[in-house]
1. So how many residues does segment 34-66 have that are farther than 15 Å from Tyr14 by Cβ and modelled with pLDDT under 90?
2. Looking only at residues that are at pLDDT below 85 and among the β-branched types (Val, Ile, Thr) in segment 1-33, which one is farthest from the chain's Cα centre (by Cα)?
3. Give the residues of segment 17-70 that are touching a residue at least 40 places away in the same chain (Cβ under 8 Å), within 21 Å of Thr5 (Cβ to Cβ) and out of contact with any strand residue (DSSP E or B) (no Cβ under 7 Å at 6 or more places or on another chain), sorted by residue number.
Amino acid sequence: MIRATVSDGACRLYMLLDDMARDRGNWFIKQAAMAVQIGCNDREIRNRLSELEDAGHITSVRTGRSSIYT
C-alpha cells in the first residue's frame, strides 16, 4: 500500500505502473508514454518516480539509456 507521505500524482503514477506490471513484475516504459497516460509532462514523471523511489515503493535499475522499475 502506498503511504500517505507521497503526493497524489505519485500515487497515480504508481497505480499506472502497477497495472502495467501485473504479469511481468517490472515496468519498462518510456517516461514520455507515462506522461501521456496520466496527463503530465516528462519532468513531473521524473519527479514522481524519484518520490516513489525515495519513499521505498519502487526501485530502478539503469540499463544503458533506459531504466527498469520494480
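1. Matching residues across segment 34-66 total 6.
2. My answer is Thr5.
3. Passing the criteria: Arg48, Glu51, Leu52, Ala55, His57, Thr70.
The values are calculated or read from the model by the stated rules, or taken from the named source; none is laboratory data. As the structure is a prediction and not an experimental result, all values here were calculated from the model. Neighbour counts run over all protein chains shown; Cβ positions are idealised from the backbone, glycine included.
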